[in-house]
1. Return a yes/no flag: does the stretch 53-65 have any residue that is among the basic types (Lys, Arg) and within 15 Å of ARG86 (Cα to Cα).
2. In the stretch 8-57, how many are at pLDDT below 85 and touching a Lys or Arg at 6+ places or on another chain (Cβ under 7 Å)?
Amino acid sequence: MLAAAPSALAETTTSCPSAAQERANWSALTMAGTCAGFPDHGAPYVFRIGTLYAWRLVGLDVLLVPVGPATESCTAYEVLANGVLRATGCKYVA
């Protein structure tokens, strides 16, 4: 089930306080179900994330670390049954 984003979010500076990169699929993000991408008329969806947590090599370990604010462009997103939003086909937007 794909969800449409409320157009009001396009006027805010951050559409989501935080998001985490999936370890198995680094181009997918998980975030709170209250987050939404915009524009609401179709892909690509832009997520302005307050704090992005990404997998990074730290010493000899691969850890999920905060990398700061980020803007990501994603091809699709859906709200899962557990209330978590999962965005796929995501790329960092400079």
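1. Within the stretch 53-65 (the criterion being among the basic types (Lys, Arg) and within 15 Å of ARG86 (Cα to Cα)), the answer is no, since none of the residues qualifies.
2. Number of matching residues: 3.
The values are calculated or read from the model by the stated rules, or taken from the named source; none is laboratory data. Remember, it's a predicted structure, so these values are computed and weren't measured experimentally. Note: ideal-geometry Cβ built from the backbone for every residue, glycine included; neighbour counts use all protein chains shown.
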